[in-house]
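The structure appears right after this line, and notes come after that.
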Amino acid sequence: MNTNQLNINLSLETQIKNDIRQWAEYVGLPQKQLGGLSLCPFARAHLNSYDVTIVQNLNEIHVPTNDFELVIFVILAPVDVNALHDFCNQLGKENQNYVFLPDHKDKHTFINGVQTNNGKHNLVLCQPFEKLNLAREKLKKTLYYSYWDKDYLNEILGTDNEHLD
């Protein structure tokens, strides 16, 4: 690899990590459409405890071996919305101690009119199930999920949303 190519790769990595950090900051901001809650109420507290891992293809995504709060995998190769969703479902079935959430740049998702997806990169968010479930249990005691539509609840929470009614 020549120096020019290395600089381009480092520049791309820096830009991607900046994009992800801006998105992480955004999802942590209080939103009036959510009653003053943020898209991810725990994002601000954990802003420095997530890892961004850039991969070429889906098949490079794996469960990290170290202790972690959140790993955000950024997929460089084009991937279909349904393929990304199916891949995350399959990973979740194979690794039930973890949650794998797809975030496709072209699948614009919203909670009460506030866009949730990052819109720039195809991502897989990987979190330990136990840690995520503890956060979800805290949120169930608030009005947070009342702002979500049923389809999005089912997509993100699956059967974990059955106690919200």
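Miscellaneous remarks
- With respect to the chain, whose longest principal axis is taken over its alpha-carbon atoms, helix 3-27 is tilted by about 10°.
- For Lys17, the lysines whose Cα falls under 24 Å of its own Cα, not counting residues fewer than eight places away in the same chain, are Lys105, Lys107, Lys120, Lys131.
- Only helices enter the 222 nm calculation for the chain: every DSSP H run of n ≥ 4 contributes -39,500 (n - 2.57), and dividing by all residues gives -11500 deg cm²/dmol, rounded to 500.
- Nearest-ten-degree value, helix 81-94 long axis tilted from longest Cα axis of the chain: 80
- Using Cβ point charges alone (K and R +1, D and E -1), the dipole size of region 55-139 about the Cα centre works out to roughly 240 debye.
- Summing charges over all other residues whose Cβ lies under 11 Å from the Cβ of Ile72, with Lys and Arg as +1 and Asp and Glu as -1, gives -2.
- Zone residues, region 98-116, relative to Asn89, backbone N less than 19 Å from point 7 Å out along Cα-to-Cβ: 98-109
- The ellipsoid that matches the Cα gyration tensor of the chain has semi-axes, each √(5λ) in whole angstrom, of 27, 18, 15, with the longest given first.
- Region 3-161: relative contact order as a whole-number percent, Cα under 8 Å and 6+ apart: 19
- Each DSSP beta bridge with both residues in the chain is either parallel or antiparallel, and the antiparallel ones are about 70%.
- Top of Leu101, Leu39, Leu12 by mean-square fluctuation, Gaussian network on the chain, Cα under 10 Å: Leu12
No value in this document is a laboratory result; all are computed from the given coordinates. Note that this is a predicted model, so its numbers are computed, not measured. Reconstructed Cβ throughout: ideal geometry from the backbone, glycine too, with neighbour counts over all protein chains shown.
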